[in-house]
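Student: One structure follows; several queries about it will come next.
The values are calculated or read from the model by the stated rules, or taken from the named source; none is laboratory data. A quick note: this is a predicted structure, and the numbers were derived from the prediction, not measured. No Cβ is skipped: glycine too gets one built from the backbone with ideal geometry, and neighbour counts run over all protein chains shown.
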Amino acid sequence: MKKVLGVAILAGFMFSILMAGGAWAQIKKDVITYDVPYGKVTFTHKKHAETLKIDCLKCHHDWKKGETSGKLCKDCHKATKEASKAGKDIIAKDAYHKSCKGCHDDLKKANKPTGPAGCTQCHVKAKK
């Protein structure tokens, strides 16, 4: 009986490590793709986080300093106000545009190198 309990505890421990590793891998994934109606948007998370050294809290505003996992945009920001909590949250489209496009626009205004900020520069429609 003790042996079975020990194996179960070990299996649970290994499972929790794998789950935590999977969450970290998702965050550290190099290319993130959002498949939205206007056209797919892709960006390199690794470039923004590691190369450009953008603080995680710039985009993940719900996280605490030093956290490497937690809520993602889509967890709070829904497609419509009706789907959001009490209809008060910023919808996903507006949240992404404010964060991504807003940052690129600010860099452009400061005459610093920036990424795309135009609709068709970010959104790529599937070829028919």
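Student: Hey, can you tell me all the residues within segment 49-73 that are loosely packed, with under 11 Cβ neighbours inside 10 Å and not acidic (D, E)?
Tutor: Passing the criteria: T51, K53, K64, K65, G66.
Student: Just to check your reading of the model, which residue among T42, T120, T114 is surrounded by 10 or more Cβ atoms within 10 Å (Cβ to Cβ) and part of a loop (DSSP other than H, G, I, E, B)?
Tutor: T114
Okay, residues lined up against (1) modelled with pLDDT of 85 or more; (2) loosely packed, with under 10 Cβ neighbours inside 10 Å:
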| residue | (1), (2) |
| --- | --- |
| L5 | no, yes |
| F15 | no, no |
| A25 | no, yes |
| I32 | yes, no |
| V36 | yes, no |
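Student: Looking at A79 and the list (1) assigned to a loop (DSSP other than H, G, I, E, B); (2) at pLDDT below 80; (3) surrounded by 13 or more Cβ atoms within 10 Å (Cβ to Cβ), which single condition is not satisfied?
Tutor: (2)
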